[in-house]
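S.K.: Please read through the structure below; I'll follow up with questions.
The values are calculated or read from the model by the stated rules, or taken from the named source; none is laboratory data. Quick caveat: nothing in here was measured; it's all calculated off a predicted structure. Because the Cβ atoms are built from the backbone with ideal geometry, glycine has one as well, and the counts that use them run over all protein chains shown.
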Amino acid sequence: MNDDMISGIPVVYKRIKEATEELRFNMASDLQTGNLLKTLVASKRWGRILELGTGTGLATSWIIDGMDDSTKLITVENNALLLEIPRKALQDPRVEFVLADGYEWIQHYSEEKFDLIFADAMPGKYDLFEETIELVKVGGFYIIDDMLPQPNWPEGHAEKVERFIAALEERDDITMTKLNWSTGIIIITKIK
């Protein structure tokens, strides 16, 4: 088995990847993360999905590929330049693109909970985690990536990651699997 050989790449992925490279955006999700997201989203038929940190939409394209016709996605990004790429490339009535500060969006969101949250931004992952995990339905997934050292990490970020993982391991309302794979993935299922 070779997990570097990824099939079923979304049709628009190449176009989004080229636009991402033109902007020199270096915080996009990789192919393995995208493929995993597609698989997990496919398990949430008629689901509600939240992505925190749309970026240029590479992971978003995978999420959409995994969705059935009744699944809805809300994806939140605070950078209008980045968000313009997926808004153009991924026009889909099942998707709501939100240009907003993730901190404010999380604190003000009061609608239905989500079947899966992909937290790929500071708010929802390292900040406002309690508020974000409350937005996951029991039995729902909370997915995070970039848990292994990355070249773009700022000074002191490795310690922040270690503290975050240690705090997750102490919780009794979740079960989780840490994958030393891709950029470092943690899959959490909310059990209470």
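S.K.: Out of curiosity, is Glu131 surrounded by fewer than 16 Cβ atoms within 10 Å (Cβ to Cβ), farther than 20 Å from Met27 by Cβ and touching a helix residue (DSSP H, G or I) at 6+ places or on another chain (Cβ under 7 Å)? Outline the logic, then answer.
M.R.: Values: surrounded by fewer than 16 Cβ atoms within 10 Å (Cβ to Cβ): yes; farther than 20 Å from Met27 by Cβ: yes; touching a helix residue (DSSP H, G or I) at 6+ places or on another chain (Cβ under 7 Å): yes.
Criteria met by Glu131.
S.K.: Residues of segment 73-104 being without any contact (Cβ under 8 Å) to a residue 60 or more places away in the chain and part of a loop (DSSP other than H, G, I, E, B), which ones? Quick ask: steps written out before the conclusion?
M.R.: Let us first name the residues in segment 73-104 that are without any contact (Cβ under 8 Å) to a residue 60 or more places away in the chain, namely 73-84, 87-88, 91-104.
Within segment 73-104, Asn78, Asn79, Gln91, Asp92, Pro93, Arg94, Ala100, Asp101 meet the criteria.
S.K.: Considering only segment 1-32, state which residues are in contact with a Leu (Cβ under 9 Å, 6 or more places away or on another chain) and under 25 Å from Met122 (Cα atoms).
M.R.: If the condition is that a residue be in contact with a Leu (Cβ under 9 Å, 6 or more places away or on another chain) and under 25 Å from Met122 (Cα atoms), then Tyr13, Ile16, Lys17, Thr20, Leu23, Phe25, Ala28, Ser29, Asp30, Leu31 are the ones that fit.
S.K.: Quick one: Glu169 ticks every box in (1) surrounded by fewer than 16 Cβ atoms within 10 Å (Cβ to Cβ); (2) of a type outside the set (S, T, N, Q); (3) touching a residue at least 12 places away in the same chain (Cβ under 8 Å) except a single one, so which number is it?
M.R.: (3)
S.K.: Just one of (1) at pLDDT below 95; (2) touching a helix residue (DSSP H, G or I) at 6+ places or on another chain (Cβ under 6 Å) trips up Thr60, so point out which.
M.R.: (1)
S.K.: Further question on the same structure: Keeping to segment 34-72, report how many residues are of a type in the set (Ser, Thr, Tyr), in a helix (DSSP H, G or I) and surrounded by 24 or more Cβ atoms within 10 Å (Cβ to Cβ). Before you say what the answer is, go through the steps one by one.
M.R.: From segment 34-72, those of a type in the set (Ser, Thr, Tyr) are 39, 43, 54, 56, 60-61, 70-71; that's our starting set.
Checking the rest, the ones that are also in a helix (DSSP H, G or I) come to 39, 60-61.
Retained after the next criterion (residues that are surrounded by 24 or more Cβ atoms within 10 Å (Cβ to Cβ)): 60-61.
Within segment 34-72, residues that are of a type in the set (Ser, Thr, Tyr), in a helix (DSSP H, G or I) and surrounded by 24 or more Cβ atoms within 10 Å (Cβ to Cβ) number 2.
S.K.: Within segment 88-103, can one find any residue that is farther than 30 Å from Glu18 by Cα, touching a Leu at 6+ places or on another chain (Cβ under 8 Å) and crowded, with 18+ Cβ neighbours inside 10 Å? Show your work before the answer.
M.R.: Restricting attention to segment 88-103, the residues satisfying the condition of being farther than 30 Å from Glu18 by Cα are none.
Looking for residues that are farther than 30 Å from Glu18 by Cα, touching a Leu at 6+ places or on another chain (Cβ under 8 Å) and crowded, with 18+ Cβ neighbours inside 10 Å, one finds none in segment 88-103, hence no.
S.K.: Could you go through segment 160-182 and let me know if any residue there is in a loop (DSSP other than H, G, I, E, B) and hydrophobic (A, V, I, L, M, F, W, C).
M.R.: Checking segment 160-182: at least one residue is in a loop (DSSP other than H, G, I, E, B) and hydrophobic (A, V, I, L, M, F, W, C).
S.K.: Are any residues in segment 1-33 of a type outside the set (D, E, K, R) and assigned to a helix (DSSP H, G or I), and if so, which ones? Steps first, answer last, please.
M.R.: Initial filter on segment 1-33 (of a type outside the set (D, E, K, R)): 1-2, 5-13, 16, 19-20, 23, 25-29, 31-33.
Matches in segment 1-33: Tyr13, Ile16, Ala19, Thr20, Leu23, Leu31, Gln32, Thr33.
S.K.: Return yes or no: is Thr56 under 19 Å from Lys113 (Cβ atoms) and of a type in the set (Ser, Thr, Tyr)?
M.R.: Details: under 19 Å from Lys113 (Cβ atoms): no; of a type in the set (Ser, Thr, Tyr): yes.
No.
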